[in-house]
1. Checking the structure you have, find out if any residue of region B:91-103 is over 14 Å from residue B:28 (Cβ atoms), away from DNA strand C (no atom under 16 Å from the Cβ) and more than 10 Å from every other protein chain (Cβ to nearest Cβ).
2. Please determine whether any residue of region B:74-86 is within 7 Å of chain A (Cβ to nearest Cβ), near DNA strand D (Cβ under 10 Å from one of its atoms) and over 24 Å from the mean Cα position of the chain (by Cα).
3. Given A:60, A:50, which one is within 13 Å of DNA strand C (Cβ to nearest atom), over 20 Å from the mean Cα position of the chain (by Cα), more than 13 Å from chain B (Cβ to nearest Cβ) and surrounded by 16 or more Cβ atoms within 10 Å (Cβ to Cβ)?
4. Taking region B:246-273 on its own, how many of its residues are in a loop (DSSP other than H, G, I, E, B) and out of contact with any helix residue (DSSP H, G or I) (no Cβ under 8 Å at 6 or more places or on another chain)?
5. Out of all the residues in region A:121-152, which are within 7 Å of chain B (Cβ to nearest Cβ) and under 18 Å from residue A:180 (Cβ atoms)?
6. Quick check, is residue B:108 more than 9 Å from chain A (Cβ to nearest Cβ), at positive phi and surrounded by fewer than 24 Cβ atoms within 10 Å (Cβ to Cβ)?
7. Has region B:195-211 got any residue that is in contact (Cβ under 8 Å) with a residue 60 or more places away in the chain and either outside the structural domain of residue B:134 (by TED's automatic domain parsing) or crowded, with 22+ Cβ neighbours inside 10 Å (or both)?
DNA sequence: CATCTTGTATTATTATTTAATACATGTTGT
DNA sequence: ACAACATGTATTAAATAATAATACAAGATG
């Protein structure tokens, strides 16, 4: 994330209610996600933070120092490198505890996971991406794929497609228009036409199965969580792995309870609000 | 969290590398945790944010606006109230993905959960508290008790005590000295002498069982994750509930695999570093 | 051992944040 | 239904607090 230095100029009216220092602080934290994803680095030096965040050396220094003092970064005195600190995870709790969807979904996801012996996840859409908000892990998997908060493009994931399928035509098109269609695996379908066909299929069938679209060996199944108008605002997702599983087995054993779980959450949420 | 307005004066040397605006931004986010815990509020009005954070009206306005623009808060245009937004949960991922302990622990926790049919958690210490960093849920429980990022006082939780038991005398004393010994349930042991006895017991036995100390009906079992010097830097914890479980059953069925899982994580971590 | 890169500390400058204020909108009680 | 109050929003002059330049120290590299 490169901070827009001329934010005020770029906006219609200079936003005097926007505190740039806050954005810059987050830009530093954000550098760690980028650094991990693009360079595979767990910790970053000051100059790396500077490069990735786009902040100059002095700014990196000040914001990094600030974040260390606040407990959101920690510094290895030996290597002089920084890494995310424990203070960060409190924000997950803050979000979840005030999230009515999570409260309703959690027991249902746990129940489904236990009853069917698989991992069961909840996803919520953000821009062109989906985020895994709740994970109830049940098999070992790639470490990345077991952590809540992971972000994936909507266009190549079952939960993303199933949410797009249950939005208005315009909404879906807007999201697709700003998607980058970068492949995640060698099997990722990146042709926009093919992606649209998958969305149509998901709309007709009420669920979506993705094979190795975002992770090798993974068969991902998802069904939408709908509000009272039938608009998707979340998805239940279950991953299983090849070669133990085939799409045939998934259709028989996984699809029904994924749909059922998503429907149960939709129903409870409807009553709540 | 009340922001120290005279931070520079309060510190030995005025810290020119500390950006106060960042702290204030986090103070606003922090207000939501406090608001939820102390007032049970899911969303907050501007004036509530102002009251809880200690920032004045203007500051609350600016920082709240900023956080909304950055996607860390969302505003209900109807009620004009704010609540934590999805952007926040990315920080959990950022922390976890760069955390070697988590990577080692995750598959072991999943395995243990599956093998023994219980929830299995990992906790890390912060100041006088412990934080649940990984949760592998397996039974339904209080919603709060299923969310990673939850913070609890060390003195009244099995993982907290078992970590204190495997620190130096001074370290443990320092932490206890700044603990507030506020009871969490009507059975919480708050007498410092009794707490020290529990720590000694945990040190001798290598594990700790807590009955209804932080949550009613909960029997909590924990064992320490140790570094090569024998210092605890995390704990494996398993909660079960009364009356289905008794301490006798826990000693027989739970304790052995909690110790075993913690030991396995310690061992792998040792090899890694 | 010299050269380069990276991290740390200090400062004058000014741009950004600030707090006061005024206005708009909503809420409450009689 | 209206008045009185509380709360939210927008604007601005003033000055503090953040900034970026610079110098120095400490490692890394060849």
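The values are calculated or read from the model by the stated rules, or taken from the named source; none is laboratory data. Note that the structure is predicted; figures quoted are calculated from it, not measured. Neighbour counts are summed over all protein chains in view; Cβ atoms, including those assigned to glycine, are modelled from backbone coordinates with ideal geometry.
1. Yes, because at least one residue in region B:91-103 is over 14 Å from residue B:28 (Cβ atoms), away from DNA strand C (no atom under 16 Å from the Cβ) and more than 10 Å from every other protein chain (Cβ to nearest Cβ).
2. No - not one qualifying residue is present in region B:74-86.
3. A:50
4. Within region B:246-273, residues that are in a loop (DSSP other than H, G, I, E, B) and out of contact with any helix residue (DSSP H, G or I) (no Cβ under 8 Å at 6 or more places or on another chain) number 1.
5. Result: A:126, A:131, A:150, A:151.
6. When the stated conditions are applied, residue B:108 does not pass them.
7. Within region B:195-211, not a single residue is in contact (Cβ under 8 Å) with a residue 60 or more places away in the chain and either outside the structural domain of residue B:134 (by TED's automatic domain parsing) or crowded, with 22+ Cβ neighbours inside 10 Å (or both).
Let's see how each residue does on (1) part of a strand (DSSP E or B); (2) touching a residue at least 24 places away in the same chain (Cβ under 8 Å); (3) under 23 Å from residue A:33 (Cα atoms):
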{"position": "A:144", "(1), (2), (3)": "no, no, yes"}
{"position": "A:149", "(1), (2), (3)": "no, yes, yes"}
{"position": "A:173", "(1), (2), (3)": "no, no, no"}
{"position": "A:179", "(1), (2), (3)": "no, yes, yes"}
{"position": "A:183", "(1), (2), (3)": "no, yes, yes"}
{"position": "A:229", "(1), (2), (3)": "no, no, no"}
{"position": "A:234", "(1), (2), (3)": "yes, yes, no"}
